[in-house]
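*Asks:* To start, I am sharing the structure in question, which I have written as structure tokens.
The values are calculated or read from the model by the stated rules, or taken from the named source; none is laboratory data. Note that the coordinates shown come from a computational prediction; the quantities given were computed from them, not determined experimentally. Cβ placement follows ideal geometry from the backbone for every residue including glycine, while neighbour counts extend to all protein chains displayed.
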Amino acid sequence: MLHAQIQRTLQRGVAIPAHPLALDAERRFDERRQRALSRYYIASGAGGLAVGVHTTQFEIRDPKVGLFRPVLAAAADEMNRADQSRDDRLIRIAGLCGRTPQAIDEASLCAELGYHAGLLSLAAMAEADTTELIAHCRAVAEVIPIVGFYLQPAVGGRVLPHRFWRQFAEIERVVAIKMAPFNRYQTLDVVRAVVEAGRDDIALYTGNDDNIVIDLLTPYVVHRDGRPVRRRIVGGLLGHWSVWTHKAVELFETCRRLAADDGDIPANLLQRGIEVTD
């Protein structure tokens, strides 16, 4: 499982930008600028990086392109360097794609490079039923701890019912879930499933670009065994935060403080949430 400090940080909640891919004018990988982007996010206050995800471009996995290892290795190296002067180590999330053999291969590489968990896309499993999906997730979780990913159908995801998330939450090496269905009902399905499974250790992260501020401010109350259980979305893993990152982190910290105080939410912050969406 995760190192205790990494697990505490993930559960406390951090801002994790989805790392873009830096190319030069000839569309070749620009490692110098790629590393500069990593340093920018770290200097801006991000609590971790997500690499090999949608903003990093899925084509880096193509053997003809051959950039999956170099891109992940460059980001890992910059996080290694930054961690030397930090009390809390940065959270390292790597994107995992494909059907089971590919996802396992990617998970093995990411574990080798020191990534803490894999953000597991199910886009390649569009025709699989719940039993097949859970078997896939379990197989990958044997290699590296996993972050569940509810991706909206409009960009290649699929509707995943409460039944799936209830079984997913029972996988021991699930450490977090990124919820990005862009749908309140489907987001609630995930929260309810995690609560019902008794997995208070699974951190909930927003990927809902259309609802970032409200997601971070809203307490969810779900009943388990006849008693109310309160959960919050503690952080975000967002491509939205890969630009203007310092300001995004400031807004995240404001939301986190207000959520911790459990008091009234200023109307101007609700307005800010709409402005962020716009």
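*Asks:* Taking the residues in region 50-97 that are in a loop (DSSP other than H, G, I, E, B) and of a type in the set (D, E, K, R) as candidates, determine which candidate is nearest to LEU2 (Cα to Cα). Spell out how you get there, then give the answer.
*Replies:* In the first step, residues of region 50-97 are kept if they are in a loop (DSSP other than H, G, I, E, B); the result is 52-53, 57, 62-67, 84-90, 97.
Filter again for of a type in the set (D, E, K, R), leaving 62, 64, 86-89.
Details: ASP62: 30, LYS64: 33, ARG86: 18, ASP87: 17, ASP88: 14, ARG89: 12 Å.
Residue satisfying both the conditions and the ranking: ARG89.
*Asks:* Which one of ALA76, ALA124 is in contact with a Gly (Cβ under 7 Å, 6 or more places away or on another chain), within 23 Å of ARG39 (Cβ to Cβ), small (Gly, Ala, Ser) and touching a residue at least 24 places away in the same chain (Cβ under 8 Å)?
*Replies:* Going through ALA76, ALA124 in turn, just one is in contact with a Gly (Cβ under 7 Å, 6 or more places away or on another chain), within 23 Å of ARG39 (Cβ to Cβ), small (Gly, Ala, Ser) and touching a residue at least 24 places away in the same chain (Cβ under 8 Å): ALA76.
*Asks:* If you don't mind, there's one more thing I want to ask. What number of residues in region 82-121 are in contact (Cβ under 8 Å) with a residue 24 or more places away in the chain and touching a Leu at 6+ places or on another chain (Cβ under 8 Å)?
*Replies:* So the count comes out to 21.
*Asks:* Right, something else. Residues ARG89, ARG99: which one is farther than 23 Å from GLY156 by Cβ and surrounded by fewer than 21 Cβ atoms within 10 Å (Cβ to Cβ)? Write out each step before concluding.
*Replies:* Values: ARG99 fails: farther than 23 Å from GLY156 by Cβ.
Going through ARG89, ARG99 in turn, the sole match is ARG89.
*Asks:* Is it true that VAL195 is closer than 12 Å to MET179 by Cα, of a type in the set (A, V, I, L, M), touching a Lys or Arg at 6+ places or on another chain (Cβ under 7 Å) and modelled with pLDDT of 95 or more? Explain how you work it out, then say what you get.
*Replies:* Working: closer than 12 Å to MET179 by Cα: no; of a type in the set (A, V, I, L, M): yes; touching a Lys or Arg at 6+ places or on another chain (Cβ under 7 Å): yes; modelled with pLDDT of 95 or more: yes.
No.
*Asks:* Got at least one residue in region 41-50 being over 19 Å from the mean Cα position of the chain (by Cα) and either of a type in the set (D, E, K, R) or closer than 26 Å to VAL143 by Cα (or both)? Don't jump to the end; show me each part of the working.
*Replies:* First pass over region 41-50, keeping only residues over 19 Å from the mean Cα position of the chain (by Cα): 43.
Next cut, either of a type in the set (D, E, K, R) or closer than 26 Å to VAL143 by Cα (or both) only: none.
Among the residues of region 41-50, not one is over 19 Å from the mean Cα position of the chain (by Cα) and either of a type in the set (D, E, K, R) or closer than 26 Å to VAL143 by Cα (or both), which makes the answer no.
*Asks:* Something else now. With (1) closer than 30 Å to VAL249 by Cα; (2) in a loop (DSSP other than H, G, I, E, B) as the list, and GLU127 as the residue in question, which single condition is left unmet?
*Replies:* Among (1) closer than 30 Å to VAL249 by Cα; (2) in a loop (DSSP other than H, G, I, E, B), GLU127 violates only (1).
*Asks:* Run down VAL190, VAL174 and say which single residue is crowded, with 21+ Cβ neighbours inside 10 Å, among the hydrophobic types (A, V, I, L, M, F, W, C), closer than 24 Å to PHE68 by Cβ and at pLDDT 95 or above. Even if it seems obvious, please write down each step before you answer.
*Replies:* Values: VAL190 fails: closer than 24 Å to PHE68 by Cβ.
Within the list VAL190, VAL174, the selection yields VAL174.
*Asks:* Only one of GLU127, GLU132 is modelled with pLDDT under 95, loosely packed, with under 15 Cβ neighbours inside 10 Å and more than 30 Å from LEU90 (Cβ to Cβ). Can you tell me which? Don't jump to the end; show me each part of the working.
*Replies:* Numbers: GLU132 fails: modelled with pLDDT under 95.
Unique residue meeting the criteria: GLU127.
*Asks:* How many residues, within region 145-158, are within 16 Å of the chain's Cα centre (by Cα) and surrounded by fewer than 23 Cβ atoms within 10 Å (Cβ to Cβ)? Talk me through it step by step, then tell me what you get.
*Replies:* Filtering region 145-158 down to residues within 16 Å of the chain's Cα centre (by Cα) leaves 145-152, 157.
Applying the additional criterion that residues be surrounded by fewer than 23 Cβ atoms within 10 Å (Cβ to Cβ) yields 151-152, 157.
So the answer is 3.
*Asks:* Would you confirm whether any residue within region 17-27 is modelled with pLDDT of 95 or more and basic (Lys, Arg)?
*Replies:* Within region 17-27, not a single residue is modelled with pLDDT of 95 or more and basic (Lys, Arg).
*Asks:* A further question follows. Applying the selection to region 106-123, what residues are touching a strand residue (DSSP E or B) at 6+ places or on another chain (Cβ under 8 Å) and among the acidic types (Asp, Glu)?
*Replies:* Residue satisfying the conditions is GLU106 alone.
*Asks:* Being in contact with a strand residue (DSSP E or B) (Cβ under 7 Å, 6 or more places away or on another chain) and surrounded by fewer than 15 Cβ atoms within 10 Å (Cβ to Cβ), is that true of even one residue in region 203-220? Working first, answer last.
*Replies:* In the first step, residues of region 203-220 are kept if they are in contact with a strand residue (DSSP E or B) (Cβ under 7 Å, 6 or more places away or on another chain); the result is 203-209, 212, 215-216, 219-220.
Cutting the leftovers down to surrounded by fewer than 15 Cβ atoms within 10 Å (Cβ to Cβ) gives us 219.
Yes, region 203-220 contains a residue that is in contact with a strand residue (DSSP E or B) (Cβ under 7 Å, 6 or more places away or on another chain) and surrounded by fewer than 15 Cβ atoms within 10 Å (Cβ to Cβ).
*Asks:* Also: ALA25: free of Cβ contacts under 8 Å to residues at least 40 places away in the same chain and closer than 25 Å to ALA259 by Cβ, yes or no? Please lay out each step first, then the result.
*Replies:* On the way: free of Cβ contacts under 8 Å to residues at least 40 places away in the same chain: yes; closer than 25 Å to ALA259 by Cβ: no.
Criteria not met by ALA25.
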